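These notes concern the structure reproduced below.
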Amino acid sequence: MPQITMTFPQGKHKVLTMSYDDGKEADRRLVEIFNNHGIKGTFHLNSGLVGQGDRIPGEEIAELYHGHEISAHTVTHPTIARSPKEQLIEEIVEDRKGLERIAGKTVRGMSYPNGSYNQYIKELLPHLGMEYARTVNSTESFAMPDDLLEWNPTCHHNRNLMKLAGDFVQLHKKQYLYMLYVWGHSYEFDHDQNWDLINDFCMYIGKREDIWYATNLEIVDYLNAFQNLKFSADSQFVYNPSAMSVWLCVDGINVEVKGGEQISWTHFVNN
């Protein structure tokens with residue numbers, strides 16, 4: 001039986017994802033930095049607060065975040081673990097609707113406002129169309145998420161960012177998958193006067209051939225596509241019913257299984 005493991009696209013074993021909340025004006029500068037260094041971000045927005053104060057106007061959101069992900073953060077940013085069920089449902093569903101009208105794309109993930117959640121909320125989210133939800137509980141590890149509805153980031157950008165980036169770059173054991181997940185609020189760079197931190201980080205970590213740069217949802221979709229692969233009982237061939245490609249390492253050889261394709265390993269192993 002062949003030894004088969006999932007890899008990221010192009011056989012990569014490391015992924016970087018960035019996650020920023022609230023959709024304020026400082027996102028403009030942050031998006032520009034990400035774009036300059038080939039880094040992708042997920043931006044969690046409150047549809048009911050769009051355009052208020054220093055928040056990005058609705059008519060500019062789709063263009064500003066093009067190439068990144070627009071994600072939910074509830075309509076008005078309440079502490080949802082203290083909210084009645086009716087309000088909780090409305091906050092999430094209406095946020096989805098509002099953001100989808102603005103972005104023209106489905107919104108299928110969120111970050112918990114004020115870091116507030118509980119088991120009941122986690123169990124409810126799939127019924128509201130949420131496939132992942134980010135916490136504020138930093139792990140300082142590079143492990144893949146065990147629970148996508150309690151997705152713990154590696155770190156806030158003000159917590160050991162450059163040290164963790166250095167450790168991440170040095171990771172080389174390909175029997176593992178590694179994820180560096182950074183979260184925060186772009187306006188904190190203004191408050192703390194440390195834009196050089198995120199600029200230096202992106203300059204250091206960006207455009208590396210061994211790192212996959214992905215949004216939160218791209219990671220979720222990829223993991224789901226792998227889980228949906230249909231392997232033969234003896235693992236000699238596989239069918240991919242998804243639209244997207246999935247990459248596998250088969251006996252040390254990287255193999256792309258394209259969407260809608262069925263392949264066996266004989267050709268790859270013998271050649």
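All of the numbers you see were taken from the coordinates with simple rules; none came from a lab. Please read all numbers here as calculations on a predicted model, not as lab measurements. As a convention, Cβ positions derive from the backbone with ideal geometry for all residues, glycine included, and neighbour counts pool all protein chains shown.
One table, with the values for the structure above:
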{"item": "All helices (runs of 4 or more DSSP H) inside region 101-209 with 1 or more residues being under 26 Å from ASN35 (Cα atoms)", "result": "161-170, 187-192, 195-205"}
{"item": "Any hit, region 49-62, residues being under 21 Å from the mean Cα position of the chain (by Cα) and in contact (Cβ under 8 Å) with a residue 60 or more places away in the chain", "result": "no"}
{"item": "Per-region count, region 248-269, residues under 11 Å from ILE4 (Cβ atoms) and not in a loop (DSSP other than H, G, I, E, B)", "result": "6"}
{"item": "Identity of the residue in region 143-163, aliphatic (A, V, I, L, M) and buried (at least 20 other Cβ atoms within 10 Å of the Cβ), that ends up nearest to TYR187 (Cα to Cα)", "result": "LEU161"}
{"item": "Residue tally, condition part of a helix (DSSP H, G or I) and surrounded by fewer than 17 Cβ atoms within 10 Å (Cβ to Cβ), over region 33-51", "result": "3"}
